[in-house]
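Since the structure comes first, as C-alpha cells, the remarks are kept for the end.
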Amino acid sequence: MTTADAARDSKDSARSTYMTGIAMLVAGTAAFSTAGLFVRLIGRDAATLLFWRGIFTAIAIIAFIWWRERGRTLTQFRQMGRPGWMVATLNTASMAFFIVSLQYTTVANNSIIFGTAPFLTAGVAWLLIRERPTIATLAFSAIALGGAMLVIGSSLSFSTERMFGDALAVLMTVSFAVKTVLVRQHRARSMVPAACVGALLGSIGAIPFVPSWHITPAEIGLFALFGFTQQGAGLILTTIGITKVPAAHAALIMSLDVPLSPMWVWMIIGEQPTALTLAGGLLVLAAILGHILVEGRRR
C-alpha cells in the first residue's frame, strides 16, 4: 500500500468515525428531547422524578454494559477513575437542574437556554483541552444562539418563579458543557458507566426529599419509559457519540433538543409555543443541519 493509499484510508476512516458520531448524537438527542414531555405527563414533584428516573436509567445502562462486556461489567465500573466520577457528578447536577427547572419555567424556555450550549462548550473546550472551534462551528453556533434569543424573547416572564427556573436551566447548560468537554478529553476511557453512576447518585440524593412513596402502575410504566428511552438510550448514544466528534460540534448537534422538546409537548399535551418560538426553533434546526453538511464534507 502506497503512502497516498494509506492517507486516503485514514481520511475515509476519520470521516466514517465522524459521521457515526453525528448519527449517534442525533439519535441520542432525539431520545433526550422527550424529557420535558415525560416530566409533564408524570406530573410528580422533582424529587420523585429524580429518584425513579435514576433507578430505571441505571437498570438500562447496566443491561447495555453487560450485553457489551459480559464478564467485564464490574471492571468497566472500576476503571472509571477520577474523570469518570467527575462526569457522573456533572450528569447528576445537569439532570437535577433540568427537572427542577421545569417545575418553574416552560419546556420552551428550558430547551432554548440549552441552545446556548455550543458557545459554552466551545469556550470550555478551548480553555481545558485547547480544542479550537472552526469558523464554521462558531458561525453556525451564532445562528443557533439567534434562534435561542428569538424564543426567549417570545416567552420570557419577569416573575420571580420563571426567572428562578430559567437560572436553573443556565446551570444545567453549564454542567452539560463541562461534562461534554471531559468526556471528549478522556475519550479513550468508556464513560458509559459514569452515566449509570450519575443516575444512581441522583436517586440517592433525592431520597430525603421524596414526599410520598405511593406510586401507581401507570406511573411505574411512565417512569420506566422515561428511564429506558429518554435517559438510558439518550445517555448511552450521546456519551459514545461525544467521543467521536469535537466537543463544540457535539454541543451544536445536541442543540437539536431546542426545537424538538417544545414540539413534543405541543403535539401531545398542547403546551403551544408562540410563532417566535417556532421561528427560533427552525433557525436552530437550520444551523444544526448546515453544520452537519459543512463539517461532514470538510472532514
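The values are calculated or read from the model by the stated rules, or taken from the named source; none is laboratory data. These figures come from a predicted structure and were not determined experimentally. Positions of Cβ are backbone-derived with ideal geometry, glycine not excepted, and every protein chain shown enters the neighbour counts.
List of remarks:
- Taken over segment 170-193, the criterion of being assigned to a loop (DSSP other than H, G, I, E, B) and under 17 Å from residue 94 (Cβ atoms) is satisfied by 191 alone.
- Meets criteria (in contact (Cβ under 8 Å) with a residue 24 or more places away in the chain and out of contact with any helix residue (DSSP H, G or I) (no Cβ under 7 Å at 6 or more places or on another chain)) for residue 269: no
- Selected residue (criterion: surrounded by the fewest Cβ atoms within 10 Å (Cβ to Cβ)) from residues of segment 272-282 that are modelled with pLDDT of 75 or more and under 20 Å from residue 32 (Cβ atoms): 282
- Entirely in segment 46-138, the helices (runs of 4 or more DSSP H) that have 3 or more residues that are aliphatic (A, V, I, L, M) and either in contact with a Leu (Cβ under 8 Å, 6 or more places away or on another chain) or buried (at least 22 other Cβ atoms within 10 Å of the Cβ) (or both): 46-69, 81-101, 107-114, 117-129
- Any hit, segment 174-186, residues being of a type in the set (S, T, N, Q), under 19 Å from residue 256 (Cα atoms) and at pLDDT 80 or above: yes
- Out of 106, 116, sole residue that is over 30 Å from residue 217 (Cα atoms) and among the polar types (S, T, N, Q): 116
- Residue 1 of a type outside the set (D, E, K, R), closer than 25 Å to residue 251 by Cα and modelled with pLDDT under 85: no
- Residue check, residue 210 over 21 Å from the mean Cα position of the chain (by Cα) and modelled with pLDDT of 85 or more: yes
- Going through (1) of a type in the set (Phe, Trp, Tyr); (2) at pLDDT 85 or above; (3) touching a Gly at 6+ places or on another chain (Cβ under 7 Å); (4) under 25 Å from residue 246 (Cβ atoms) one by one, residue 85 falls short only on (3).
- Restricting segment 188-246 to residues that are of a type in the set (Phe, Trp, Tyr), surrounded by fewer than 21 Cβ atoms within 10 Å (Cβ to Cβ) and touching a residue at least 40 places away in the same chain (Cβ under 8 Å) leaves a set whose member that is farthest from residue 97 (Cα to Cα) is 228.
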